[in-house]
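Just below is one structure, and these are the notes that go with it.
The values are calculated or read from the model by the stated rules, or taken from the named source; none is laboratory data. This structure is a prediction, so every number in the text was calculated from the model and none was measured. Cβ: placed from backbone, ideal geometry, glycine included. Neighbour counts: every protein chain shown. Calculation scope for accessible area: heavy atoms of the full protein, side chains included, ligands and nucleic acids excluded. Shrake-Rupley method; radii C 1.70, N 1.55, O 1.52, S 1.80 Å.
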Amino acid sequence: MKNPIMIITKGYISKAQAEELSKLNMNIAILYTFSGISKIMENRDETLQIKSMINISKCSNLKLINYYRPVIEGINTDEKTIRHVAKIATKYCNASIISGIRLNSYLSKVLDSLDIDIPKKYDPDHKVLLPETYEKIKKIFKETKKEYPTFKKTSCGVSYAFNMADYNGHSARIYYCNPNCSSYKTCIGESKIGFCTTDCPNYNRCKEESKRKISKSYFRGLLKNIGAENAHFEILEHYIKLDGQYWQEEVSYLRHITKKNIKADSLKKREDERLISM
Ligand code: SF4
């Protein structure tokens, strides 16, 4: 398998386990969740987590990416916590991905019962991260280690780690995302010029990739693979507009193969997604 393989964990990874994974030599990225809430909310021993990151970081065939998530206002957004995470992540990881929390009614009740004030902007369908909080975390990470990269999207961080352009074509989102979406400002930024900035270490690679053209017949062939050979679509300058309703997996397949952003009219909601949103 040539594509990146991602393992998401906050658990303990021993030296032997890390070495075993490394021996596979299969473009493995470990997305290690470490966001300053190990003890308070995750029932995890931070010392073992740090040890895990040390073990992984010593393996040459593994990429180690820090998942600073979920970011929850008032829980892990204070300067002391951010500096603590930054100190450890910048020492052992290749990059950090910072993202918010998707707050369904169950989690809302849990936070409520703990007397934790939840920002009104949180919603059950998006991982909401306030733009000012992202900027604050990014700034502290940069102060800790100037060249250390931080990302908002998983695919951006993983693509960077494997020296490739973002396989989800996120830079095109500005052209179709809804400005009323609670995450709009975080994803797109205030400047309305797309959420990619030249300070992203992957900027030139993604820009080059975005210039690559694909033909209608090639895309039609990919649609055939998902049984949608006769679908209506339009190849626009920044993304591909696909008429109709699709599963997320179908859209992801098209995105990952073409490296273009695909915008379907709507997505079918899977049962697990419906349950998460409840
Ligand atoms: S340039 Fe944009 S799409 Fe590419 S990795 Fe950076 S933020 Fe993501």
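Accessible area per residue of the chain at 1.4 Å probe, in Å²?
Computed with neighbouring chains in place, this is 55 Å² per residue.
Mind listing which GluC sites (Glu not before Pro) in region 200-278 are in a DSSP loop and have 13 or fewer other Cβ atoms within 10 Å?
Here the GluC sites (Glu not before Pro) that fit, given the DSSP loop and packing criteria, are E229, E237.
Hey, what angle do you get for helix 216-225 against the long axis of the chain, alpha-carbon based, 0 to 90 degrees rounded to 10?
It works out to around 70 degrees.
If you roll a 1.4 Å probe over region 213-277 with all protein chains in place, what percent of the accessible area is carbon or sulfur?
Values: 1990 of 3940 Å².
It is 51 percent, rounded to a whole number.
Using a 1.4 Å probe on the protein heavy atoms only, what accessible surface does M6 show? Give it in Å² to the nearest 10.
Accessible area, nearest 10 Å²: 70 Å².
Per DSSP H run of n ≥ 4, the term is -39500 (n - 2.57); total these for the chain, divide by its residue number, and report the mean residue ellipticity at 222 nm rounded to 500 deg cm²/dmol.
Estimated from H runs of four or more residues: -11500 deg cm²/dmol.
Ignoring any ligand, DNA or RNA, what whole percent of the accessible area of region 5-208 comes from carbon and sulfur when the probe is 1.4 angstrom?
On the way: 5290 of 10390 Å².
Here it works out to 51 percent.
Please give me, ordered by residue number, the GluC sites (Glu not before Pro) of region 135-180 that lie in loop per DSSP and have at most 13 other Cβ atoms within 10 Å. If you can, show how the numbers build up before the last one.
On the way: sites: E135, E143, E147; in loops: E147.
Loop-located and lightly packed - E147.
Would you please classify the overall shape of region 55-183 from the alpha carbon gyration tensor, given that a ≥ b ≥ c denote the square roots of the eigenvalues, rounded means a/c under 1.5, and beyond that prolate means a/b larger than b/c while oblate covers the rest?
Since a/c reaches 1.5 but b/c is at least a/b, the shape of region 55-183 is classed as oblate.
I'd like the distance separating the alpha-carbon centroids of region 22-50 and region 262-276, in whole Å.
28 Å
Once you have all Cα-Cα distances for region 20-71, histogram them in 5 Å bins from zero and send the whole-percent values.
P(r) over region 20-71, rounded to whole percents: 5, 20, 27, 21, 14, 10, 3, 0.
Rounded to whole Hz and in sequence order, give me ³J(HN,Hα) for region 228-234 from the Karplus expression 6.51 cos²θ - 1.76 cosθ + 1.60, θ = phi - 60°, writing x for Gly and Pro.
With the stated coefficients, region 228-234 comes to 10, 3, 9, 5, 8, 8, 9 Hz.
What whole-number value in cubic angstrom gives the convex hull volume per residue for the C-alpha atoms of the chain?
Details: hull volume 38.9 nm³, N = 278.
Dividing the Cα hull volume of the chain by its residue count gives 140 Å³.
Using only the alpha-carbon atoms, how far is helix 15-24 inclined from the longest principal axis of the chain? Give it as 0 to 90 degrees, nearest 10.
Relative to the chain, helix 15-24 is tipped by roughly 20 degrees.
Out of all Cα-Cα pairs in region 213-277, roughly what percent, to the nearest whole number, are more than 19 Å apart?
Everything past 19 Å amounts to 27 percent.
Looking at the chain, what % of its DSSP beta bridges pair antiparallel, to the nearest 5?
Given both bridge residues lie in the chain, the antiparallel proportion sits at roughly 15 percent.
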